[in-house]
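Notes follow the structure.
The values are calculated or read from the model by the stated rules, or taken from the named source; none is laboratory data. Quick caveat, the model's predicted, so the values are computed rather than measured. Cβ sites come from the backbone with ideal geometry, for glycine too, and all protein chains shown count toward neighbours. Side chains are part of the model used for accessible areas, which takes the heavy atoms of the whole protein and leaves out ligands, DNA and RNA. Shrake-Rupley method; radii C 1.70, N 1.55, O 1.52, S 1.80 Å.
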Amino acid sequence: MIGNIRDLARKWLEDKEVDAIFALREQNGYLAPYLFTNVDKLGSMEISTQYRLSYTCRPSKENILSLMQRKEPSTRIGIVARGCEERALIELAKRSQIDLGKTKIMGIACTQEEAIECKCERPYPDNLVLGQKVEGVSQDENVDALLNKSITERLAFWRYQFSKCIKCYGCRNACPMCFCKDCKMEQGVFTETGWLPPEIPMFLFIRFSHISERCIWCGECEKACPVDIPLLTLFKLLRRDIKDLFDYEAGMDMTQEAPLLTTLDEMPMKEELASGI
Amino acid sequence: MVEFEPKILAFCCNWCSYRGADLAGISRIKYPPNVRIIRVMCSGRVEPEFVVKALSSGADGVLVLGCHIGDCHYIYGNHRTAKRMAILQRLLGYLGIEPSRLRLEWVSAAEGSRFSKIVTEFTSEIKRLGPNPLKNITLQNPTILRDEKR
């Protein structure tokens, strides 16, 4: 698999299809994002499920790709992307964070083991270049367990889960969709600063409501969480609802605008579902 | 035992619903005194955080009132409210707060009686649901929660 990716990257660079390839590089046993411009260095290119290229870099709160595009707007960048990364790129492009016209996506499919490990529902990109498409995992025991709970049990469950929060901001920092320079979670407007655990449920609710319709269910927040709060459970449920309400899925179609950014005329809501539960 | 008197917070848009509430007052139409009105310039100003903040600060129910679709002073402000509140209701349900504690209605400046009808209905609905459980969680000392295992 990695051999094929290196070969294709070499071809793209030699044919001048792209000026650079953005991928992971192994150095001294560690993986880090690297911009390959020289074909001789392609031997150190790696792929990993542990590290996504859409990872946000701090403290500028800017995505690596958008940072590069801002510094060097004319460069054509090839990017090695899994299904989730491709969805992140599409969603970021919709929100004017990156320019997809200047990028060429090398879509790679995840293996069945990787899909099960991530509980990924769609472990392949639209623009599949390398690898075999495998079926995603549609069942998630956390989601089913939450849906089987009564309303009071749900509150008790989240109360315990949220009380574990150590306010590390890991979920926000890892999220490819969190790109605001001024973050509401840091301001004292809605949550009082200086408390641990932070205000229940407001602190984490801010992320749930902000990311609701743009979540591309990559699961980075849940993986980043040091105290194992099942954040992805809520995002998966919200995604189902948004699909029911607006027939919209984040990161799928570049031409489809996000429901919360459009009017009811542009993207109607199914009225019969709007008021009730 | 004293009957439970809920606290209800209503976000009214400046151009329609607030005028509607004003009309209800001028016309001497009765409605329950449980409602506290906050005037916002547009129902689109009501962020989901406002609703959760209200609920965790002691409100038992939140009403969001805006202009009818098509009548918004800012053309599309209430379109966004409609979409946002639909998502928020579901999110509240998953978090363990009854979604019916939040209600979105359209009230025009001429509908004083409709305003009073909505407030009356909503108050009896919240009375049926009882006090908001979120209130106790937030007001408790946060450090107690850490020792609980569930």
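Could you go through the range A:31-50 and let me know if any residue there is without any contact (Cβ under 8 Å) to a residue 12 or more places away in the chain, charged (D, E, K, R), in a helix (DSSP H, G or I) and within 22 Å of A:A9 (Cα to Cα). There is at least one residue in the range A:31-50 that is without any contact (Cβ under 8 Å) to a residue 12 or more places away in the chain, charged (D, E, K, R), in a helix (DSSP H, G or I) and within 22 Å of A:A9 (Cα to Cα). Exactly one residue out of A:L196, A:L204 is open to solvent by less than 40 Å² (accessible area, probe 1.4 Å), within 28 Å of B:V46 (Cα to Cα) and of a type in the set (A, V, I, L, M, F, W, C), and it is A:L204.
Looking at the range B:106-116, is at least one residue in a helix (DSSP H, G or I) and either within 15 Å of the chain's Cα centre (by Cα) or modelled with pLDDT under 90 (or both)?
Within the range B:106-116 (the criterion being in a helix (DSSP H, G or I) and either within 15 Å of the chain's Cα centre (by Cα) or modelled with pLDDT under 90 (or both)), the answer is yes, since at least one residue qualifies.
Listed by first and then second residue, the pairs linking a residue in the range A:247-259 that is open to solvent by 10 Å² or more (accessible area, probe 1.4 Å) to a residue that is assigned to a loop (DSSP other than H, G, I, E, B), with Cβ atoms under 7 Å apart and 6 or more places separating them unless they lie on different chains, are A:Q256/A:Y248; A:E257/A:E266; A:E257/A:M267. Within the range B:66-82, being more than 10 Å from every other protein chain (Cβ to nearest Cβ) and aromatic (F, W, Y) holds for one residue alone: B:Y74. Is it the case, given these coordinates, that B:I29 is among the aliphatic types (A, V, I, L, M), more than 14 Å from every other protein chain (Cβ to nearest Cβ) and either closer than 25 Å to A:R207 by Cα or not in a strand (DSSP E or B) (or both)? Answer is yes for this residue.
Between A:E17, A:E46, the distinction of being under 12 Å from A:I77 (Cβ atoms) and open to solvent by 40 Å² or more (accessible area, probe 1.4 Å) belongs to A:E17 only. Look at the range A:142-155: where a residue is facing another protein chain (nearest Cβ under 10 Å) and a partner is modelled with pLDDT under 90 and in a loop (DSSP other than H, G, I, E, B), sitting 6+ places away or on another chain with Cβ atoms under 9 Å, you get A:L155/A:P201.
With respect to A:R159, is the statement that it is free of Cβ contacts under 8 Å to residues at least 12 places away in the same chain, in contact with a helix residue (DSSP H, G or I) (Cβ under 7 Å, 6 or more places away or on another chain) and either more than 22 Å from A:M254 (Cβ to Cβ) or more than 13 Å from every other protein chain (Cβ to nearest Cβ) (or both) true? Give the steps one after another, and end with the answer.
Working: free of Cβ contacts under 8 Å to residues at least 12 places away in the same chain: no; in contact with a helix residue (DSSP H, G or I) (Cβ under 7 Å, 6 or more places away or on another chain): yes; either more than 22 Å from A:M254 (Cβ to Cβ) or more than 13 Å from every other protein chain (Cβ to nearest Cβ) (or both): yes.
It is false that A:R159 is free of Cβ contacts under 8 Å to residues at least 12 places away in the same chain, in contact with a helix residue (DSSP H, G or I) (Cβ under 7 Å, 6 or more places away or on another chain) and either more than 22 Å from A:M254 (Cβ to Cβ) or more than 13 Å from every other protein chain (Cβ to nearest Cβ) (or both).
For the range A:64-71, the condition holds for no residue, the condition being that it is surrounded by fewer than 17 Cβ atoms within 10 Å (Cβ to Cβ), closer than 19 Å to A:V129 by Cα, among the basic types (K, R) and out of contact with any Asp or Glu (no Cβ under 8 Å at 6 or more places or on another chain). Applying the set (1) open to solvent by 10 Å² or more (accessible area, probe 1.4 Å); (2) outside any loop (DSSP other than H, G, I, E, B) to A:I242 leaves exactly one unmet item: (1). The set of residues from the range B:50-62 being more than 10 Å from chain A (Cβ to nearest Cβ) and touching a Leu at 6+ places or on another chain (Cβ under 7 Å) comprises B:A54, B:A59, B:V62. Among the candidates A:K119, A:K184, the residue that is within 17 Å of the chain's Cα centre (by Cα), buried (at least 16 other Cβ atoms within 10 Å of the Cβ) and in contact (Cβ under 8 Å) with a residue 12 or more places away in the chain is uniquely A:K119.
Does A:S96 fit the bill of being farther than 30 Å from B:G93 by Cβ and without any contact (Cβ under 8 Å) to a residue 60 or more places away in the chain? So A:S96 fits the description; yes. Looking at the range A:116-133, is at least one residue on the phi < 0 side of the Ramachandran plot and in contact with a Pro (Cβ under 7 Å, 6 or more places away or on another chain)? Looking through the range A:116-133, none of the residues is on the phi < 0 side of the Ramachandran plot and in contact with a Pro (Cβ under 7 Å, 6 or more places away or on another chain).
Number of residues in the range B:83-109 that are open to solvent by 10 Å² or more (accessible area, probe 1.4 Å) and more than 7 Å from chain A (Cβ to nearest Cβ) equals 7. Restricting the range B:32-66 to residues that are in contact with a strand residue (DSSP E or B) (Cβ under 6 Å, 6 or more places away or on another chain) and part of a loop (DSSP other than H, G, I, E, B), the residue that is surrounded by the most Cβ atoms within 10 Å (Cβ to Cβ) is B:V46.
Quick one: count up the residues across the range A:187-227 that are more than 14 Å from chain B (Cβ to nearest Cβ) and assigned to a loop (DSSP other than H, G, I, E, B). Going through the range A:187-227 one residue at a time, the tally reaches 6.
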